[in-house]
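One structure is given below, encoded as structure tokens.
The values are calculated or read from the model by the stated rules, or taken from the named source; none is laboratory data. Treat the numbers as computed from the prediction; the structure is a model and nothing was measured. Backbone-built Cβ (ideal geometry, glycine too); neighbour counts: all protein chains shown. Ligands, DNA and RNA are stripped out before the accessible areas are found, and what is left, the full protein with its side chains, is counted by its heavy atoms. Shrake-Rupley method; radii C 1.70, N 1.55, O 1.52, S 1.80 Å.
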Amino acid sequence: MGLWQKCMIAVACNKPLRRAGEAFGRKTGLADQFVSASDITGHVARAGELRAQGIGLSSFYLGEYVTDIAQVRETAAQLDVLVPALDGAGGDIHISIDPSQLGYMQGKDILDQNVDKLAERICTAALAAGEMGAARTIRLMIDMEDFDMIDDTLALHHRLCDAGVPVAQTLQARLFRTEADLDGMIARGAMVRLVKGAMAPPDTVAFTKRPDIDANYLKLAGKMLSDDARQNGFFPVFGTHHRDLAMRIGALADQSGWSRDGFEFEMLYGVNQPLQRELRDAGYRLRLYAPFGHDWWAYAWRRVGENPRNLGLLLQSGLKR
């Protein structure tokens with residue numbers, strides 16, 4: 001698995017392949033399978049369509065492995081416009097960010113400046129929604145990237161949380177350390193999105209075999225659905241596309257006395273749509289991680305690197321659209 005992920009990350013970062021792949025995607029419509037729109041207007045419209053179907057959306061502005069400060073500024077500007085656009089449409093404001101998108105590589109001061117401005121926008125919207133009694137999810141979800149960024153990423157979450165920002169955190173089930181990190185999040189009464197992990201950490205710090213990753217995912221899911229988690233106000237989010245795993249989590253939630261709207265399943269936009277519909281129709285809260293923008297190549301191949309089956313799911317989903 002580690003070698004596969006490293007190869008897919010190499011594909012994602014290869015500039016000649018990227019240019020050719022993006023041209024191919026535009027001609028064939030491949031990009032449209034898993035990108036909600038090319039701009040904010042289209043993305044907000046798609047969010048409304050999904051909301052009408054009983055499906056939430058987590059917005060992600062495309063851009064991976066950002067080393068160019070100009071791209072960091074562009075991302076910050078796009079998100080600055082996105083929050084009021086989603087707010088004006090009356091739906092959820094659930095925005096996912098990679099720290100590297102907003103200046104992690106350029107330094108803590110730049111990252112904090114960009115994140116704090118976005119957080120201020122989100123807090124303003126949350127305050128207004130609360131005053132109107134609106135039942136909306138307003139949240140800044142921090143994605144987890146490379147292993148050596150974890151401590152800084154968690155520190156960012158904790159700083160925002162302590163400041164009263166409606167923030168949430170992604171954790172990766174493949175990592176040995178995640179159980180301890182999750183315990184801390186449960187004690188905080190946080191909101192956590194559990195994923196398997198799209199990066200390729202060394203086997204000294206992570207499970208590398210799929211059965212072991214799945215087993216740890218279920219173990220962590222049990223903690224997320226524990227009595228302690230519920231009493232602390234913890235909110236679980238399970239990122240998975242695999243029906244068996246989703247059904248086992250649903251059964252565990254039922255057995256533990258969780259209502260079906262007391263947690264969420266989250267899936268990638270355009271992937272395994274039959275399971276999306278099944279979960280929604282069964283009364284579970286469902287949210288789609290929906291990227292928008294033009295820089296889709298690296299995003300797509302990192303998802304394939306996360307799980308080789310995602311390539312088949314993406315292609316199959318494209319045939320069913």
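Extension gain for Gln273 to Ala77 (0.36 nm times residue separation, less C-alpha to C-alpha distance): 67.4 nm. Within the shell of other residues whose beta carbon sits under 11 angstrom from the beta carbon of Pro236, the net charge comes to +2, with Lys and Arg scored +1 and Asp and Glu -1. Of the solvent-accessible surface of the stretch 207-267, computed with a 1.4 Å probe over protein heavy atoms with every protein chain present, carbon and sulfur atoms account for 47 percent. The modelled label-to-label distance between Ser256 and Asp32, using points 7 Å beyond Cα along the C-beta direction, is 4.1 nm. The residues of the stretch 199-273 have, on average, 42 Å² of accessible surface per residue, using a 1.4 Å probe with all protein chains present. Placing unit charges on the Cβ atoms only, positive for Lys and Arg and negative for Asp and Glu, gives the stretch 111-241 a dipole magnitude near 500 debye about its Cα centre. Legend: calculated FRET efficiency, Asp39 to Asp162, from the Cβ-Cβ distance at R0 = 22 Å, rounded to 0.05, equals 0.05. Over all other residues within a Cβ to Cβ distance under 12 Å of Asp92, the charged ones net out to +3, with Lys and Arg as +1 and Asp and Glu as -1. Residues of the stretch 77-119 with amide nitrogen under 17 Å from the 7 Å Cα-to-Cβ point of Arg51? Correct set: 81-96.
Share of carbon and sulfur in the accessible area of the stretch 50-198 stands at 52%, probe radius 1.4 Å.
Gain on full extension, evaluated as 0.36 nm per residue between Lys117 and Asp203 minus their Cα-Cα distance, stands at 27.2 nm.
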